[in-house]
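What follows draws every value from the coordinates through simple rules; no lab data is involved. Computed from a prediction, not measured in an experiment: that's the story for all the values here. In this analysis, Cβ positions are derived from the backbone assuming ideal geometry, glycine residues included, and neighbour counts consider all displayed protein chains.
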């Protein structure tokens, strides 16, 4: 049976994020999955996601890294708690800090792959390291500190 | 006479950036200006730029900080060189690294203000510090290392 994406487990009221909400019809709707002990997200930039002609806009790269990392943080927190992602109460993560190193220009016309691994889970905080590749070439690295969102934000 | 935005000086072939290109009809088209020795950019998020209902998507905040900072880096480099922004050859900056600290949730329904100051200009590298406020309340801080783009990228 194919794996369900992390984002497909988000409750409806948490599923409108521009980057990863399945219910945001204008958004990127990224999907993240486990692959061994890493997480992976594939994304095809749209023609208008450019920085300079032929290359991907850095803000999109930051957005992919951000949302893939908060999704990965949630997945890791459920795993750490020995819970499945469809169990209640829902755990959702917000970004406390985002760091991206742009190593080289990212070509626009190929599928991008973001891979992440969990560096640390500590209480409500998860640190996620990621890399973004285009055609197998590493073009950016990310580090996200994600914090479990307080429940009142969703009520 | 009203000041022209930094981005309005970008040559046409550098004016398609999703974040700041005046010719990208799908993009954010941000505008940045000098205000004393700071630079400022105002932006009204669209209704779909949400993270969770009522709050701005972190990827948008990263994008605003990114593009406002590279624009500010260019403006600072022209100033440092004693040149006006419409002089040739054009100088355009790319992001080497982007760091954003999200201090608190940013409300969606107000005009956002990004303010930046130049920390350092060193050869082709400019470091830009920024803050993002909503209704006068600081919600995020950014640091961008911008590097002058090699000319071949635009030919």
Other-copy label distances relative to residue B:103, 7 angstrom Cα-Cβ extension, nm:
3.3
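Which value in deg cm²/dmol, rounded to the nearest 500, describes the helix-derived mean residue ellipticity at 222 nm for chain B, given -39,500 (n - 2.57) per DSSP H run of n ≥ 4 and division by the residue count? Present the calculation step by step, with values, prior to reporting the outcome.
Details: 1 runs with 23 residues, N = 155.
So the helix-based figure for chain B works out to -5000 deg cm²/dmol.
Taking Cα pairs under 8 Å and at least six residues apart, what relative contact order does chain B come out at, in percent? The partial results should precede the final answer.
Working: 321 pairs, mean separation 35.7, N = 155.
Dividing the mean separation by the residue count of chain B yields 23 percent.
Starting from the Kirkwood radius over alpha-carbon pairs of the stretch A:45-155, derive D by Stokes-Einstein at 4 °C in a medium of 1.567 mPa s and give it in µm² s⁻¹. Could you put the intermediate results ahead of the total?
Details: Rh = 14.8 Å.
The Stokes-Einstein estimate is 88 µm²/s.
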Output, in nm with one decimal and in ascending order, the distances from the residue A:48 label point to the matching label points of the other copies (7 Å from Cα along Cα-to-Cβ).
0.9
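Just subtract the alpha-carbon distance of residue B:48 and residue B:101 from 0.36 nm times their residue separation and send over the number in nm, one decimal.
Values: separation 53, 0.36 × 53 = 19.08 nm, distance 2.21 nm.
Length difference between fully extended and current span is 16.9 nm.
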Between residue B:86 and residue A:111, how many nm apart are label points set 7 Å from Cα along the C-beta direction?
4.8
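Could you work out the mean count of beta carbons from other protein chains within 10 Å of each residue's beta carbon in B:44-56?
Values: counts 0, 1, 2, 1, 7, 6, 8, 15, 11, 6, 1, 3, 1.
Across B:44-56, the average partner-chain Cβ count within 10 Å equals 5.
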Could you tell me how many degrees, from 0 to 90 and to the nearest 10, lie between the Cα long axis of helix A:58-80 and the main elongation axis, the longest principal axis, of the Cα atoms of chain A?
30
For residue A:34, which inter-copy label distances result when the label point lies 7 Å beyond Cα on the Cα-to-Cβ vector, reported in nm to one decimal and in ascending order?
5.6
